[in-house]
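Everything below concerns the one structure shown next.
The values are calculated or read from the model by the stated rules, or taken from the named source; none is laboratory data. Quantities reported herein were computed from a predicted structural model and do not represent experimental measurements. Virtual Cβ from ideal backbone geometry, glycine too; neighbours counted across all protein chains shown.
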Amino acid sequence: MKGELSVSIVIPVFNEAENLTELIGRCLKACESMDNPCEIIMVDDGSTDSSEDKIVAAVRMNPGTLKGVFLNKNYGQHSAIMAGFEQAKGDVIVTLDADLQNPPEEIPNLVEQIKLGYDVVGSVRENRQDTLFRKISSFIINKTIQKVTGVMMNDYGCMLRAYKKHIIDAVLNCPERSTFIPVLANNFAKSTTEIIVKHEERHGGDSKYSLLKLISLQFDLLTCMTTFPLRLLSLIGGIISFFGVGFGIFLVAMRIVFGSVWAANGVFTLFAVLFILIGAQFIALGLLGEYLGRVYNDVRARPRYYIHHIIGKEEKQSTAKDTDPKIINKTGCGC
């Protein structure tokens with residue numbers, strides 16, 4: 001079976017100019033080490049540094065192997081990956097971050113697992129070189145996903161993953177705009193597995209995930225895969241109401257026994273109860289707003305991304321597609 005599967009490597013890029021030269025060189029060597037035809041798709045997600053220029057230069061130096069896909073603005077990592085999926089032609093699609101924390105040399109190991117018959121191959125980062133906050137948040141996310149999906153993968157946050165083409169085709173057919181690709185792909189997989197991979201410190205640049213973006217990712221992940229929080233709100237509301245009634249009975253009994261002077265006539269107690277209820281309402285409204293916002297985005301049906309232009313393998317045959325907005329919108333805007 002060796003040599004029969006073609007491989008597409010999809011790499012989202014956002015302001016990673018410092019890493020691109022080494023990243024592309026190592027990816028090319030990883031491709032050479034495999035007895036499989038390979039293509040590397042670099043998706044520039046609206047970079048504002050020299051990333052686009054470096055991708056263009058690399059594509060010119062490696063015609064037939066590299067392809068550059070350039071979005072008109074920053075849409076986020078998962079939307080950029082979806083744009084790369086649209087362009088991927090391989091039987092196996094591998095996703096990889098551009099920060100070099102996950103070594104490209106691990107790609108052949110993922111492909112070998114696909115050859116054994118798995119639909120999805122994940123990876124578990126060994127000796128993670130991340131902050132304590134990132135490690136704790138990843139642990140919470142992984143446990144949540146395991147509980148909700150029932151798929152016991154241990155590191156959903158690692159983007160170094162391999163998928164069979166039919167899995168990616170199923171993912172692309174999903175209309176929702178808020179997606180978490182590893183979870184969505186596992187919904188269509190019959191068999192999954194994981195391998196241990198190395199994890200390195202960032203070679204250059206800064207992490208693109210600030211605290212606010214990590215929190216936003218947590219909400220995206222939770223609301224795109226389950227309605228459990230809505231059910232949890234109902235349960236919490238019922239529990240609060242039960243204790244509220246019980247506490248009200250307790251207050252009436254204490255006032256009868258000790259008089260109205262007890263606990264400053266109950267003013268502070270009532271304030272405490274009021275703040276608890278108001279806080280619970282705001283939490284509930286916030287979560288409902290998250291779901292309604294996603295319904296609103298899906299109803300509008302705007303594209304996940306818009307491809308500004310493409311250079312690479314098909315450039316000579318599709319010059320018009322690279323410049324004509326109508327053709328771009330028809331063939332790959334992510335509608």
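Computed quantities for the displayed model
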| read-out | value |
| --- | --- |
| Residues satisfying the stated conditions in segment 40-52, i.e. among the hydroxyl-bearing types (Ser, Thr, Tyr), surrounded by 19 or more Cβ atoms within 10 Å (Cβ to Cβ) and part of a loop (DSSP other than H, G, I, E, B) | 47 |
| Breaking point among (1) modelled with pLDDT of 70 or more; (2) assigned by TED's automatic domain parsing to the domain that holds residue 56, for residue 323 | (1) |
| Condition met for residue 24 (in the same structural domain as residue 307 (by TED's automatic domain parsing) and in a strand (DSSP E or B)) | no |
| Checklist (1) touching a helix residue (DSSP H, G or I) at 6+ places or on another chain (Cβ under 6 Å); (2) buried (at least 23 other Cβ atoms within 10 Å of the Cβ) applied to residue 23, failing item | (1) |
| Failed criterion for residue 32 (all others in (1) touching an Asp or Glu at 6+ places or on another chain (Cβ under 6 Å); (2) free of Cβ contacts under 8 Å to residues at least 60 places away in the same chain; (3) surrounded by fewer than 18 Cβ atoms within 10 Å (Cβ to Cβ) hold) | (1) |
| Candidates 55, 93, 81 - the one that is part of a strand (DSSP E or B) and either surrounded by 20 or more Cβ atoms within 10 Å (Cβ to Cβ) or of a type outside the set (A, V, I, L, M) (or both) | 93 |
